[in-house]
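A.B. asks: Got a structure for you, written out below as structure tokens; questions coming shortly.
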Amino acid sequence: MDTKIIKINPKNPEISKIEIASKILKKGGLVAFPTETVYGLGANGLNKIAVKKSFVAKGRPQDNPLILHVSDINQVNSLVKDIPDKAKTLMDKFWPGPLTIIFKKSKLVPDIVTCGLDSVAIRMPKNKIALELINSSGCPISAPSANLSGKPSPTNAAHVIDDLKNKIDVIIDGGQVEIGIESTVLDLTQKIPSISRPGKITKENLEKVIGDIKENVKSKKPRSPGMKYKHYSPNAEVIIINEEEDLKKILDDHLGKKIKILDYSNEIDMASRLFKDFRDCDNKKYDVILVRSVKEKNFGCAIMNRLRKASCIKNKESI
Ligand code: TXA
Ligand code: MG
């Protein structure tokens with residue numbers, strides 16, 4: 001398949017170009033597009049055959065459900081059984097934005113999207129290209145991150161091209177994403193809401209608005225099916241430096257190895273560059289990647305979650 005690459009202005013998306021992509025979505029094709037978190041691999045979320053194609057293109061396990069992306073809060077009504085009050089409050093406050101909410105699903109949502117679960121994940125991305133694309137296609141868009149399964153989520157179009165060129169119909173190049181790690185996933189189907197994937201919208205942010213939240217990121221039985229899969233771990237060994245004094249010993253222990261120390265000025269900078277840096281280190285065949293840990297509070301929780309996953313194979317940690 002010849003993949004069409006369409007460059008679109010992220011600040012002021014050209015409608016004629018958006019329409020080329022939305023026509024392809026309507027016909028059951030696959031379109032990768034930018035969101036504020038990472039690039040997504042879009043399909044018409046109500047078309048089983050189209051959704052199935054996105055699993056195949058990514059090589060994604062069949063039991064890892066997808067997020068439906070909407071451009072208007074009213075679109076949620078037909079996709080869910082009911083909208084809890086807490087969800088209404090959260091949608092008003094955080095949408096469009098990097099918050100995915102899990103609802104009880106309606107019959108309209110095909111089983112392939114939710115992998116047979118009775119719940120569905122929905123979010124409204126804060127990116128003009130994404131919103132125009134969803135709006136113009138007239139349907140909810142299912143979109144996993146637009147990487148091959150087992151690779152880091154893509155934060156620019158070149159990453160999507162590396163992973164999915166000639167496997168999908170269109171790649172929209174809308175430049176570098178803003179945040180760089182995936183959305184917060186919040187499960188509202190239980191009595192007490194729980195975070196199954198931490199992200200830019202933090203537990204503290206959410207609790208201010210809806211009260212107590214459980215964080216089940218570390219629990220043994222994953223509620224978010226994707227949590228049980230090994231996530232991307234670079235070919236290089238990723239070592240998290242907790243104390244500056246450890247650095248010299250780690251360097252001594254790895255004498256003769258090709259070592260990269262990743263440096264960041266703050267958490268925002270770190271999130272936006274981490275996945276790109278992992279890809280670059282793999283391309284340059286580093287043996288070891290050293291990254292300084294950040295404080296595990298607020299946005300730091302999401303960053304440490306991704307860092308641990310990247311270092312987990314070598315640490316034999318299971319996720
Ligand atoms: O920022 C993001 O969320 C990006 C952009 C493209 O929107 N998307 C993304 O999708 O990261 P994906 O498929 O890579 O991750 C979706 C996560 C997975 O961990 C999956 O298991 C979880 O959401 N999920 C989806 N539906 C669910 C459901 N019904 N119940 C529990 N977890 C669900
Ligand atoms: Mg993903």
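A.B. asks: Could you sort 254, 69 by their accessible area in this structure, using a 1.4 Å probe and putting the largest first?
C.D. replies: Correct descending sequence by accessible area is 254, 69.
A.B. asks: If ligands, DNA and RNA are left out, what is the accessible area of residue 117 with a 1.4 Å probe, given in Å² to the nearest 10?
C.D. replies: Approximately 70 Å² of residue 117 is accessible to the 1.4 Å probe.
A.B. asks: Another question, if that's okay. Which Cα, out of 64, 181, 288, lies furthest along the positive dipole direction of the chain (beta carbon charges, K/R +1, D/E -1)?
C.D. replies: 64
A.B. asks: Once fully extended, how much extra length lies between residue 73 and residue 9, figured as 0.36 nm per residue of separation less the alpha-carbon to alpha-carbon distance?
C.D. replies: Working it through step by step, the gained length comes to 20.6 nm.
A.B. asks: Most fluctuating residue of 202, 184, 89 in a GNM of the chain with Cα springs under 10 Å: which is it?
C.D. replies: 89
A.B. asks: Follow-up question, since we're still on this one. State in Å² the accessible area per residue of region 237-311; use a 1.4 Å probe, count heavy atoms of protein chains only, and round to the nearest integer.
C.D. replies: The answer is 52 Å² per residue.
A.B. asks: Can you give the net charge of the other residues whose Cβ lies under 12 Å from the Cβ of residue 267, counting K and R as +1 and D and E as -1?
C.D. replies: Net charge in that neighbourhood comes out at +4.
A.B. asks: For region 19-153, what does the alpha-carbon gyration tensor say about shape, rounded, prolate or oblate, given a ≥ b ≥ c as the root eigenvalues, a/c under 1.5 as rounded, and a/b over b/c as prolate?
C.D. replies: Rounded, since a/c falls under 1.5.
A.B. asks: If packing is taken as the average number of other Cβ atoms within 10 Å across a peptide's residues, how do 241-253, 146-158 rank, most packed first?
C.D. replies: Final packing ranking: 146-158, 241-253.
A.B. asks: Please tell me the relative contact order of the chain in percent, rounded to the nearest whole number, where contacts are Cα pairs under 8 Å and at least six residues apart.
C.D. replies: The value is 21 percent.
A.B. asks: If you don't mind, there's one more thing I want to ask. Within the chain, what whole-number % of the accessible surface is contributed by carbon and sulfur, with the 1.4 Å probe and all protein chains included in the calculation?
C.D. replies: That share works out to 49 percent.
A.B. asks: With a/c under 1.5 counting as rounded, go ahead and sort region 237-311 into rounded, prolate or oblate using the C-alpha gyration tensor (a ≥ b ≥ c being the square roots of the eigenvalues; past the cut-off, prolate if a/b is larger than b/c, else oblate).
C.D. replies: Oblate, because a/c is 1.5 or more while a/b does not exceed b/c.
A.B. asks: Where nothing but the Cβ of Lys and Arg (+1) and of Asp and Glu (-1) is charged, how large is the charge dipole of the chain around its Cα centre, in debye to the nearest 20?
C.D. replies: 860 debye
A.B. asks: Could I have the simple spin-label model distance between residue 293 and residue 257, label points 7 Å from Cα toward Cβ, reported in nm to one decimal?
C.D. replies: The answer from the label model is 1.8 nm.
The values are calculated or read from the model by the stated rules, or taken from the named source; none is laboratory data. Every value quoted in this text rests on a predicted model; they were computed, and no experiment measured them. Note: ideal-geometry Cβ built from the backbone for every residue, glycine included; neighbour counts use all protein chains shown. Side chains are part of the model used for accessible areas, which takes the heavy atoms of the whole protein and leaves out ligands, DNA and RNA. Shrake-Rupley method; radii C 1.70, N 1.55, O 1.52, S 1.80 Å.
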